[in-house]
Amino acid sequence: MDHFRIKNGVLHAEDVPMTRIAEDIGTPVYIYSRATLERHARVFRDALSELDNPHIAFAVKSNPNLAVLKVLANEGYGADVVSGGELTRALKAGMKPDDIVFSGVGKTHDELLQGLREGIGQFNIESEEEGYELAAIASRHGKRAACALRVNPDVDARTHEKISTGKRENKFGVPLDRAAEIYARLAAEDSIDMRGIAVHIGSQLSSLEPLETAFAKVGALIADLRAAGCTVTHADLGGGLGVPYKAGEKMPAPAEYGAMVARVTKDWNVRLAFEPGRVIAGNAGVLLTRVVRSKRSGNGPPFVVVDAAMNDLARPAMYGAWHDFEAVEPSGERMTAHIVGPICETGDTFAMDRECDALVAGDLAIFRTAGAYGATMASSYNSRGFVAETLVDGDRYAVVADRIAASAIMDAERVPDWLT
Ligand SMILES: *Cc1c(COP(=O)(O)O)cnc(C)c1O
């Protein structure tokens, strides 16, 4: 469910016509809906209502915009961060340090120290080496760190290979069959408090089965750890729930996910944590774009060239991902077209042979389901500058990230004297 609908022939974000945003801000521009973000946050939380006081940490990497984080902080969400920059954002958005989990295989010395100084709630340790480094830094600075050990359960999440994270050959976590010994060794370190297990097997999962398999393995590990005398009070089950990118596509409902989790974890006797990203933000955002021109090509469908490109929305180029594409003021006529951006790469293609609303030069259109892994992956490739972001709330909206012009990016560059 989202709040992007046609009213009086014009696509609106909540009660704001998208034509108005295009006129005011220009295109391309991301539009997020506050009501949709809040709805998704509540649906996910309600789905976990059978559990005892679950901790929900929004995966900041899916949409790190400060205003988006503020909406979720107001909903009682904490944050799952994967860099010092994301940690700074979560704090700036008002998330409590104790509600922040720090994941990631490559946390640097400075990032570990930053987490310690801010007093974050939990470090998800991804290797034995990282655990010892954190312990040493904590001890040097007179701090203690609460930690979970991230395990790699060797489960195929059956998603795109670039967003699968729980197979043996992926870089994430420690192998399940070595987890118990590593946990026990790290638990012996004075300055870190090993309190649980974390798992996250991938993103855009369209089936609950791999998740259930992974969780069952975590349950068995927790039992083994306790049998060996280790203390386990927490388990972090990660994110990963998929969202429909095509109208009518079926995905597991949060309620089904919640019921599965409640069933699998009923004897664990731990506080559970979750790290949803896409399922909260994905369908709460669209990318608004304008058609630059339509270009005939031989006998095939025309190329509809839009002013958004792979630097603004990378998912189609990166993962071959599908985004529904719709006119802002549809005439009712349809066409088949290749939808492409202006960047000088063949990969800058949003869709081939797409059946869509008929569009001509100057028309506005949207790519749907762009609220997660959208603006955050933007680059300035082809010297295009960084895309703007807006947040709608009822009949008002605000620019929540300025467009950064190519000239502003160029201002950070220098030509050394010895070249002049
Ligand atoms: C990316 C990521 C998430 C969020 O994944 P979604 O599929 O967006 O829910 C959660 N936890 C970790 C560790 C991640 O890397």
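The values are calculated or read from the model by the stated rules, or taken from the named source; none is laboratory data. Here the structure is a predicted model, which means the values were calculated and not measured. When we count neighbours, we look across all protein chains shown, and the Cβ atoms used for this are built from the backbone with ideal geometry, even at glycine.
Residue-wise test of (1) more than 22 Å from residue 192 (Cβ to Cβ); (2) within 20 Å of the chain's Cα centre (by Cα).
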{"site": "85", "(1), (2)": "yes, yes"}
{"site": "117", "(1), (2)": "no, no"}
{"site": "122", "(1), (2)": "no, yes"}
{"site": "128", "(1), (2)": "no, no"}
{"site": "141", "(1), (2)": "no, no"}
{"site": "146", "(1), (2)": "no, no"}
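Could you please find all residues in region 73-98 being basic (Lys, Arg) and surrounded by fewer than 16 Cβ atoms within 10 Å (Cβ to Cβ)?
Within region 73-98, 92, 96 qualify.
Can you find even one residue in region 234-252 that is outside the structural domain of residue 339 (by TED's automatic domain parsing) and part of a helix (DSSP H, G or I)? Write out each step before concluding.
First pass over region 234-252, keeping only residues outside the structural domain of residue 339 (by TED's automatic domain parsing): 234-252.
Filter once more, so that each one left must be part of a helix (DSSP H, G or I): none.
Checking region 234-252: not a single residue is outside the structural domain of residue 339 (by TED's automatic domain parsing) and part of a helix (DSSP H, G or I).
Do we have residue 163 as in contact (Cβ under 8 Å) with a residue 12 or more places away in the chain, assigned by TED's automatic domain parsing to the domain that holds residue 79, surrounded by 16 or more Cβ atoms within 10 Å (Cβ to Cβ) and more than 26 Å from residue 211 (Cα to Cα) here?
Here the answer is no, as residue 163 does not meet what is asked.
Going residue by residue through region 371-388, is there one that turns out to be of a type outside the set (Ser, Thr, Tyr), at pLDDT 95 or above, surrounded by 13 or more Cβ atoms within 10 Å (Cβ to Cβ) and part of a strand (DSSP E or B)?
yes
I'd like the full set of residues that are within 16 Å of the ligand (Cβ to nearest atom) and in a loop (DSSP other than H, G, I, E, B), limited to region 94-117.
95, 103, 104, 105, 106, 107
Which of the strands (runs of 3 or more DSSP E) contained wholly in region 266-323 include at least 2 residues that are within 13 Å of the ligand (Cβ to nearest atom) and crowded, with 19+ Cβ neighbours inside 10 Å? Break it down into steps so the answer makes sense when it comes.
Details: elements: 271-274, 285-295, 303-306.
In region 266-323, the matching strands (runs of 3 or more DSSP E) lie at 271-274.
So which of 149, 91, 87 is within 16 Å of the ligand (Cβ to nearest atom) and under 30 Å from residue 39 (Cβ atoms)? Explain how you work it out, then say what you get.
On the way: 149 fails: under 30 Å from residue 39 (Cβ atoms); 91 fails: within 16 Å of the ligand (Cβ to nearest atom).
Answer to the selection: 87.
Residues 355, 329, 413: which one is closer than 28 Å to residue 64 by Cβ and either in contact with a strand residue (DSSP E or B) (Cβ under 6 Å, 6 or more places away or on another chain) or of a type outside the set (Ser, Thr, Tyr) (or both)?
413
Checking residue 132 against (1) within 20 Å of the chain's Cα centre (by Cα); (2) touching a residue at least 40 places away in the same chain (Cβ under 8 Å): exactly one of these is not met. Which one?
Residue 132 satisfies every listed condition except (1).
So which residues in region 218-228 are more than 16 Å from the ligand (Cβ to nearest atom) and touching a residue at least 40 places away in the same chain (Cβ under 8 Å)? Before the answer, list the steps.
Of region 218-228, the ones more than 16 Å from the ligand (Cβ to nearest atom) are 219-228.
Residues satisfying the conditions are 219, 221, 222, 224, 225, 228.
Assess whether residue 65 counts as being in contact (Cβ under 8 Å) with a residue 12 or more places away in the chain and within 16 Å of residue 94 (Cβ to Cβ).
Yes.
Can you tell me how many residues in region 360-383 are within 16 Å of the ligand (Cβ to nearest atom) and either in contact with a strand residue (DSSP E or B) (Cβ under 9 Å, 6 or more places away or on another chain) or among the hydrophobic types (A, V, I, L, M, F, W, C) (or both)?
So the answer is 7.
Looking at (1) under 23 Å from residue 271 (Cβ atoms); (2) without any contact (Cβ under 8 Å) to a residue 24 or more places away in the chain; (3) not charged (D, E, K, R), can you tell me which one residue 106 breaks?
(1)
Among the residues of region 7-57, write down those that are surrounded by 19 or more Cβ atoms within 10 Å (Cβ to Cβ) and among the polar types (S, T, N, Q).
Hits for region 7-57 are 27, 33, 36.
Quick one: count up the residues across region 54-74 that are more than 19 Å from residue 389 (Cβ to Cβ) and either outside the structural domain of residue 199 (by TED's automatic domain parsing) or not small (Gly, Ala, Ser) (or both).
Count: 3.
Kindly indicate whether any position in region 43-56 is in contact with a Lys or Arg (Cβ under 9 Å, 6 or more places away or on another chain) and either of a type in the set (Val, Ile, Thr) or within 14 Å of the ligand (Cβ to nearest atom) (or both).
yes
I'd like to verify a number: residues in region 119-146 that are more than 16 Å from the ligand (Cβ to nearest atom), farther than 16 Å from residue 100 by Cα and of a type outside the set (Phe, Trp, Tyr), how many?
Adding up the residues that qualify gives 14.
Among residues belonging to region 172-217 that are away from the ligand (no atom under 11 Å from the Cβ) and assigned to a loop (DSSP other than H, G, I, E, B), point out the one that is nearest to residue 280 (Cα to Cα).
Per the criteria, the residue is 206.
Name the residues in region 347-370 that are in contact with a helix residue (DSSP H, G or I) (Cβ under 6 Å, 6 or more places away or on another chain), buried (at least 23 other Cβ atoms within 10 Å of the Cβ) and either outside any strand (DSSP E or B) or outside the structural domain of residue 9 (by TED's automatic domain parsing) (or both), would you?
369
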